[in-house]
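Quick notes on the structure that follows.
Every number here is computed from the coordinates shown, using simple stated rules; none is lab data. Note that the structure is predicted; figures quoted are calculated from it, not measured. When we count neighbours, we look across all protein chains shown, and the Cβ atoms used for this are built from the backbone with ideal geometry, even at glycine.
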Amino acid sequence: MLRRAPSRLVLVAALAVACFLPGSVASAVQGTRYHEGVSGTAGVVATESPAAARVGRAVLARGGNAIDAAVATVFALGVARPQSCGIGGGGFMVYRSPDGKVRALDFRETAPAAIKADTFAGPGLHKTFTGHLTVGVPGTLAGMASALDRFGTLSLRDALAPAAKIANDGFRVPTSLSGAMARRAKDIALFPATAAQYLKNGAPYAPGDLLVQPDLAKSLRLIQDKGISALYGGELARAIVRDMRAPRPETKDAGLLTVKDFAAYKPLWRTALHTTYRGRDVYAAPPATSGGQTMIEMLNILEGFDLKAMGAGSAQAVTAISEAQKIAWADRGAYLADPAFVAQPIAQLVSKDYAAQRRAEIDLTRAKTYAPGVFPSGAAVARRAGEDFNEHGSTTHVSVIDAKGGAVAVTCTIEQEFGSTVIAPGTGFLLNNELTDFSGPGTANQPVPGKRPRSSINPTIVVQGKAPVLVAGAAGGSTIIMGPTLAVIDTIDFGMTLPQAVDAERFDDQGTNKLTIEDTRFSPDVLNALTTTGYTLSKSGEYGPVPRMQLAGLAPGPSGLATAVSDSRSDRGSLAVPTSAPPK
Ligand code: GLU
């Protein structure tokens, strides 16, 4: 298929980005929803909500830095994309300052003190990702406040103001939100405060309806006045805990959280995981997410294959990537968990030596299954793999670059669409169902009081020279990991521009030779070759629903031109500040 002619501005951006990458322009088939993204020299923001992107752009245009813009955008997403994130949820961030320092922030939810290894073993609402038992202590508010304190210039009050205004004034419901309401209407209807906020006479809002969230506006204003203690031990925690204990004879649904659990919550700054990939620096988030380890292990294995010579969209390249994925996935399942509770061989798993050993197991003519690695010391014995409960999920990602080259990749979640579907009466924000990300008893990822459930979230920053050339992240449950991984490969190995990479075909094999693949991008010959190699293809057409990715990147060199591009698999919310304006 021929590519559409790009506009002049994008051509400049594409050249600026493409010319420093090796290889020719990619040969894979471009999708019908291909679009060019936006570019500017005074900052860009990529989201999957136009309303939230406007908030981020306004912060950048006033001279705010990447942290300011990312935090204000995350708060706005909690209002304008409430099915995916909010102050009732958690997530992970990777930040790179303009002078090149990289930090990772873990604001994952934590388990209540009363949780047990078998809390989720029996039947109950939690089996449908719903209800009070699934709720972990939320981390987003504490995490965003900590990011502002440490690296921002905005006050928490100012960062919350646009979100409070959208909640108070309302916004037009996008098709995506209306669809999510319809998909979870039955669970939303179980809880009167949630039904009152997200159903209209018991039915989903139609696209274009005005959604006003007065309780949410009130809670955001309370936090503006009282600070984060309003949630972490204060009035909002008390309202949530009251609701956890309320009798519900029809569902027998009760939660475990206490005010003490809220008061004990701490976001954690961690050292980002790092590898080099074909001369670039790749930074990613460490556990409690599995995203960084799994991606880096894959990239280290793949560095030993000449993917460029194999070609984008070739059966050989898809096979090499999928075999590497299954190896990394076996290690993820066996070892990855909250590091405060479980020793795990992260340094070995992300090492080049280990990658070389595992690479030798790959036979490009035969799809195989792989055991986790066994290590001589520490977390020596491979554990039973912890499985994920779901493949789809919700979540949303924000990528930001500011006028000075500061970069943020931040992914926030309430787990499933609409999380637990619980809103404590009067509070106006959805509570996560993140505790369903724990695995069964006996696994590294079993539930323990105070522990963070293992995530797949994978915020990623790739640096070439001094420029964050790729700032990536995705939504979509355990499919998240392959989003940024493919973006790294597509840009570096296959020479794609950011708009090409976000559009490019996705595939994912989590260990069983079931290869989920956007099949109509591939020739029948390639699909036949993959079947002959031993994969069972799960075909998702031209664009599957997940992973949904947001990319940004700064061209190296003096142009200072940044590009942002949103995934056409979802709502596109990317905006740029074209040129530096004096701060107002
Ligand atoms: N809870 C998932 C995770 O942290 C992400 C939510 C989803 O998209 O399913 O990995």
Checklist line | Radius, Kirkwood style, for region 124-281 when every pair of distinct Cα atoms is counted (Å) | finding: 18.2 Å
Item checked: Other-chain or far-sequence residues with amide H under 5 Å of Ser540's (modelled H) -> Ile517, Glu518, Asp519
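Report Rg(Cα)/(2.2 N^0.38 Å) for region 230-307, keeping two decimals. Present the calculation step by step, with values, prior to reporting the outcome.
Values: Rg = 21.4 Å, N = 78, 2.2 N^0.38 = 11.5 Å.
Taking the Cα Rg and dividing by 2.2 N^0.38 Å, one obtains 1.86.
If you build the convex hull over the alpha carbons only and average its shadow over all orientations, what do you get for region 37-158? Give it in nm² to one decimal. Intermediate values should be presented prior to the final figure.
Values: hull surface 38.5 nm².
So the Cα hull casts an average projection of 9.6 nm².
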Notebook entry, point to check: Quick one, what does Rg over Rh come out to for region 417-461 if you take C-alpha atoms and the Kirkwood Rh?
Noted result: 1.08
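Based on the inverse mean of 1/r over its pairs of different Cα atoms, what is the Kirkwood hydrodynamic radius of region 315-466, in Å? Present the calculation step by step, with values, prior to reporting the outcome.
Details: mean 1/r = 0.0551 Å⁻¹.
Computed over region 315-466, the radius equals 18.2 Å.
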Check: Radius of gyration and Dmax for region 268-364's Cα atoms, expressed in Å?
Finding: 13.7, 43
Next item on the list: Please turn the phi angles of region 501-513 into ³J(HN,Hα) values with the Karplus equation 6.51 cos²θ - 1.76 cosθ + 1.60 (θ = phi - 60°), one per residue in order, whole Hz, x for glycine and proline.
Entry: 5, 6, 7, 4, 4, 10, 8, 7, 10, 8, x, 10, 6
Checklist line | Stokes-Einstein D for region 429-584, Kirkwood Rh over Cα pairs, 37 °C, 0.692 mPa s (µm²/s) | finding: 183 µm²/s
Note to self: Using only DSSP helix segments of four residues or longer, with each worth -39500 (n - 2.57), what per-residue ellipticity at 222 nm results for the chain after dividing by its residue count and rounding to 500?
What the structure shows: -9500 deg cm²/dmol
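Counting only other residues whose beta carbon sits under 13 Å from that of Gly313, what net charge do I get with K and R as +1, D and E as -1? Provide the component values of the computation, followed by the final result.
Numbers: positive: Lys308, Arg506, Arg521; negative: Asp490, Asp493, Asp503, Glu505, Glu518, Asp519, Asp525.
Around Gly313, the surrounding residues sum to -4.
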Checklist line | Cβ-based net charge around Asp281, under 12 Å, with every Lys or Arg adding one and every Asp or Glu removing one | finding: +4
Margin query: Quick check on the chain: what does the Kirkwood estimate of hydrodynamic radius come out to from the alpha carbon pairs, in Å?
Written below: 23.5 Å
